[in-house]
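Asks: Take a look at this one; I'll ask things after.
The values are calculated or read from the model by the stated rules, or taken from the named source; none is laboratory data. Bear in mind the structure is a predicted one, so any value in this text is a computation, not a measurement. Quick reminder, even Gly has a Cβ in these numbers, built from the backbone with ideal geometry, and neighbours come from all protein chains shown.
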Amino acid sequence: MFGLSIRIVLILILGFSTTNTPQSNPGRSDPARAGERSTGRGKRNEIHSRSKFFSGFKIPLLLHERNMPTQKPTLESFFDQVYAVVRLIPKGRVTSYGAIAKYLGSARSSRMVGWAMNNAHAIKPKVPAQRVVNRIGLLTGKHHFGTPTQMQELLEKEGVKIKDDKVLNFSELFWDPATELKL
């Protein structure tokens, strides 16, 4: 069993087998196959055969507790930073996914801000995710609330007017964290 686990690790890490079978490249180094063309499927077939080989095995994790870092990272996760910014949005104001991403120094990560908002319902203390809309004021995250109208209802309760899933007077209600929260 020990020899088999070493073989598994070698195949996974190094990409080769420990058996003594010669690996030939048809048409290049094997004189008997000098005129044959390669089909380009060698690597694909090799991967397929590996997956067949490993289909019945449970491969143990190579990371153990002794390999894990002993200290917590000093920086918060990106999602935690997003939640902190969203909690600062005043009632009756809205911001965009892109504005939050830009404020956090990741201007092209507006989708990640959206993913964070999708997960915000499970976060304590509460995150007012209804205050984050897309760049033109559309309620694009409304499907991630309990009901399709809950996001609109929460915003209207705060005094934001909505028509056809779009924030009216978006430019007046827009809260830009880059200008409101001076670094």
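Asks: Given the condition modelled with pLDDT under 95, over 22 Å from the mean Cα position of the chain (by Cα) and not in a loop (DSSP other than H, G, I, E, B), answer yes or no: does some residue in the range 67-86 qualify?
Replies: Yes, the range 67-86 contains a residue that is modelled with pLDDT under 95, over 22 Å from the mean Cα position of the chain (by Cα) and not in a loop (DSSP other than H, G, I, E, B).
Asks: Let me ask something else about it. Looking at this structure, is LYS102 touching a Gly at 6+ places or on another chain (Cβ under 8 Å) and surrounded by 13 or more Cβ atoms within 10 Å (Cβ to Cβ)?
Replies: no
Asks: For the range 88-120, give me each residue that is aromatic (Phe, Trp, Tyr) and within 12 Å of ARG135 (Cβ to Cβ). Step through it out loud before you land on a result.
Replies: Our first condition is that a residue be aromatic (Phe, Trp, Tyr); within the range 88-120, this holds for 97, 103, 115.
The one that is aromatic (Phe, Trp, Tyr) and within 12 Å of ARG135 (Cβ to Cβ): TYR97.
Asks: Taking GLY146, is it part of a loop (DSSP other than H, G, I, E, B) and on the phi > 0 side of the Ramachandran plot? Spell out how you get there, then give the answer.
Replies: Working: part of a loop (DSSP other than H, G, I, E, B): yes; on the phi > 0 side of the Ramachandran plot: no.
No; evaluated as a whole, the condition is false for this residue.
Asks: Out of all the residues in the range 144-170, which are under 18 Å from LYS102 (Cβ atoms) and over 30 Å from the mean Cα position of the chain (by Cα)?
Replies: Correct list: empty.
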